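Novice: Questions regarding the structure given below will be posed in turn.
The values are calculated or read from the model by the stated rules, or taken from the named source; none is laboratory data. Nothing here was measured: the structure is a model prediction, and the numbers come from that model. Virtual Cβ from ideal backbone geometry, glycine too; neighbours counted across all protein chains shown.
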Amino acid sequence: MNVPPKPLVLIADQGPDTLVRLNGLLRDDYDIKLANNAASALAILQQLPRPELVLLDAELPGGADFAVCRQIKSSPDTAAIAVIVLREAEQRELEPAAFRAGAADIIVKPVLADTLRARVATHLQLRQAQDLLRHQGSLVEHLVEQRTRDLSQMLDAVIWAMASLAETRDDKTANHIRRVQHYVEALARQLQRHRRFAEELSDANIALLYKAAPLHDIGKVGIPDAILLKPGRLSDDEFAVMKLHTVYGRDAIAGVEQVLGHSNTFLRYAREIAHSHQEKYDGSGYPQGLAGDAIPMAARLMTVADVYDALISRRVYKPAFTHETAMELIRQGSGEHFDPDVVDAMLMVEEQFMAIAERFADAAGPEPATSDMR
């Protein structure tokens, strides 16, 4: 059977008789180390294992103004060590300074045996309780982090399932939503220090944008197959129905907010992206004809990302354009279709866009958008 080690107590006192007496009173229950000056006490405190409690003479040589106590409490390695100051009966005026230095208790000399044992035991039990609380606090923090991580993974899975449901009804692939969410993240990172975007694009908000981006076309689940999958050009009436996917997407996410009784940044981004990613910077888009900064920031980023992916992707009604052609078409649309600052950001991260397109290429080459370009 392993016997647990005894708590280690440091007795630091200038009087040899006091050291011998206190050692005799405590050695049956504790491991004891002795010091008769501040330098020796501090040296012991740097050794491992460190004492769990210090009995400190108020007039320890070299320890004026409770220097040893102050040093114990100022170091993260020793701050948890309890310090009990030993003072003479006539040294009552030293007590305020001792407590200011961090002392946990004061015992008056000559020390009574029962008082000493009781005070030492009490403070060591308190130390053990504090250690247990810290351990439990760390355990609870770990469990909360694990639970949060699990919930986040569940949320990501649900988001992905919902986004994939919308995309698989179209002629896009799951890689389309992977690409656009990475494009949006790259744009957001580039714009993070831009005066128009800095306030909104914190690291936390960029992470939420990344999560929300796959939901941009979720409203297409409400579009009839005859229109959604039509290989030819849509009639005016059909296009009017197609445009409703932005409203359906907004309403679906707004319904979640209504059930919850509140919104949050993720849901706001998802709603704004779903509703406004077909708006154009000059006000000629849909469904509201918003222009400029009236178009939500998240939607302005998504518009560039989604159109780029549409251009480089093959569809039944169009071939895949080259990266260079796609970049030139988007550049030409700066200020009309697209926010000029977002286009400039895209030009700065052009190589990242190419790498994303290659990394998440569809089996037969990047297979970008459909009705987004109609």
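Novice: Can you pull out every residue in the stretch 266-277 that is over 23 Å from the mean Cα position of the chain (by Cα) and surrounded by fewer than 24 Cβ atoms within 10 Å (Cβ to Cβ)?
Specialist: The one that is over 23 Å from the mean Cα position of the chain (by Cα) and surrounded by fewer than 24 Cβ atoms within 10 Å (Cβ to Cβ): 272.
Novice: If you don't mind, there's one more thing I want to ask. Taking residue 227, is it buried (at least 16 other Cβ atoms within 10 Å of the Cβ) and modelled with pLDDT of 90 or more?
Specialist: no
Novice: If I filter the stretch 60-75 down to residues being assigned to a loop (DSSP other than H, G, I, E, B) and modelled with pLDDT of 90 or more, which single residue comes out as nearest to the chain's Cα centre (by Cα)?
Specialist: Per the stated criteria, the residue is 75.
Novice: Could you list, in sequence order, the residues of the stretch 311-334 that are of a type outside the set (A, V, I, L, M, F, W, C), touching a residue at least 12 places away in the same chain (Cβ under 8 Å) and part of a helix (DSSP H, G or I)?
Specialist: 323, 325, 331
Novice: Can I ask one more? Would a scan of the stretch 197-215 turn up a residue that is modelled with pLDDT under 95, over 24 Å from the mean Cα position of the chain (by Cα) and farther than 18 Å from residue 274 by Cβ?
Specialist: There is no residue in the stretch 197-215 that is modelled with pLDDT under 95, over 24 Å from the mean Cα position of the chain (by Cα) and farther than 18 Å from residue 274 by Cβ.
Novice: Ok, one more. Yes or no: the stretch 303-312 includes at least one residue that is out of contact with any strand residue (DSSP E or B) (no Cβ under 6 Å at 6 or more places or on another chain), surrounded by 15 or more Cβ atoms within 10 Å (Cβ to Cβ) and farther than 19 Å from residue 186 by Cβ.
Specialist: No, there is no match, as no residue in the stretch 303-312 is out of contact with any strand residue (DSSP E or B) (no Cβ under 6 Å at 6 or more places or on another chain), surrounded by 15 or more Cβ atoms within 10 Å (Cβ to Cβ) and farther than 19 Å from residue 186 by Cβ.
Novice: Based on this model, can you work out whether residue 163 counts as part of a helix (DSSP H, G or I), crowded, with 17+ Cβ neighbours inside 10 Å and at pLDDT 95 or above?
Specialist: No.
Novice: Can I ask one more? Check off (1) farther than 21 Å from residue 219 by Cβ; (2) touching a Gly at 6+ places or on another chain (Cβ under 6 Å); (3) not β-branched (Val, Ile, Thr) for residue 278 and give me the number that stays unchecked.
Specialist: (1)
Novice: Now for a separate question. When the residues of the stretch 35-44 are filtered to those that are out of contact with any strand residue (DSSP E or B) (no Cβ under 7 Å at 6 or more places or on another chain) and surrounded by 15 or more Cβ atoms within 10 Å (Cβ to Cβ), which remaining residue is farthest from residue 72 (Cα to Cα)?
Specialist: 36
Novice: Kindly establish whether residue 132 is surrounded by 14 or more Cβ atoms within 10 Å (Cβ to Cβ), of a type in the set (A, V, I, L, M) and in the same structural domain as residue 14 (by TED's automatic domain parsing).
Specialist: No; evaluated as a whole, the condition is false for this residue.
Novice: So how many residues does the stretch 108-134 have that are without any contact (Cβ under 8 Å) to a residue 24 or more places away in the chain and outside any helix (DSSP H, G or I)?
Specialist: Residues flagged as without any contact (Cβ under 8 Å) to a residue 24 or more places away in the chain and outside any helix (DSSP H, G or I) within the stretch 108-134 amount to 3.
Novice: Sticking with this structure for a sec: Can you run down the residue pairs with Cβ atoms below 8 Å, 6 or more apart or on separate chains, where the first is in the stretch 251-277 and outside the structural domain of residue 218 (by TED's automatic domain parsing) and more than 20 Å from residue 289 (Cβ to Cβ) and the partner is modelled with pLDDT under 95 and not in a helix (DSSP H, G or I)?
Specialist: Going by the 8 Å Cβ cut-off, there are no qualifying pairs.
Novice: Would you call residue 295 touching a residue at least 24 places away in the same chain (Cβ under 8 Å) and hydrophobic (A, V, I, L, M, F, W, C)?
Specialist: It is true that residue 295 is touching a residue at least 24 places away in the same chain (Cβ under 8 Å) and hydrophobic (A, V, I, L, M, F, W, C).
Novice: Condition first: surrounded by 17 or more Cβ atoms within 10 Å (Cβ to Cβ) and touching a residue at least 60 places away in the same chain (Cβ under 8 Å). Now tell me which residues in the stretch 5-29 satisfy that.
Specialist: Answer for the stretch 5-29, where residues must be surrounded by 17 or more Cβ atoms within 10 Å (Cβ to Cβ) and touching a residue at least 60 places away in the same chain (Cβ under 8 Å): 7, 9, 13, 18, 21, 22, 25, 26.
Novice: Does residue 32 qualify as being crowded, with 17+ Cβ neighbours inside 10 Å and over 25 Å from residue 96 (Cα atoms)?
Specialist: yes
Novice: Do we find a residue being in a helix (DSSP H, G or I) and either modelled with pLDDT under 95 or buried (at least 21 other Cβ atoms within 10 Å of the Cβ) (or both) anywhere in the stretch 76-91?
Specialist: no
Novice: Considering only the stretch 194-203, I want to know if a residue exists there that is surrounded by fewer than 20 Cβ atoms within 10 Å (Cβ to Cβ), without any contact (Cβ under 8 Å) to a residue 60 or more places away in the chain and either closer than 26 Å to residue 313 by Cα or outside the structural domain of residue 318 (by TED's automatic domain parsing) (or both).
Specialist: no
Novice: So, one more: What helices (runs of 4 or more DSSP H) lie completely within the stretch 182-284 and have 1 or more residues being closer than 28 Å to residue 361 by Cα and of a type in the set (D, E, K, R)?
Specialist: 203-212, 225-228, 265-276
Novice: Determine if the stretch 169-179 includes at least one residue that is modelled with pLDDT of 95 or more and either surrounded by fewer than 18 Cβ atoms within 10 Å (Cβ to Cβ) or under 20 Å from the mean Cα position of the chain (by Cα) (or both).
Specialist: There is no residue in the stretch 169-179 that is modelled with pLDDT of 95 or more and either surrounded by fewer than 18 Cβ atoms within 10 Å (Cβ to Cβ) or under 20 Å from the mean Cα position of the chain (by Cα) (or both).
Novice: So in the stretch 292-310, with the set limited to residues that are part of a helix (DSSP H, G or I) and among the β-branched types (Val, Ile, Thr), which one is farthest from residue 270 (Cα to Cα)?
Specialist: By that ranking, first place goes to 307.
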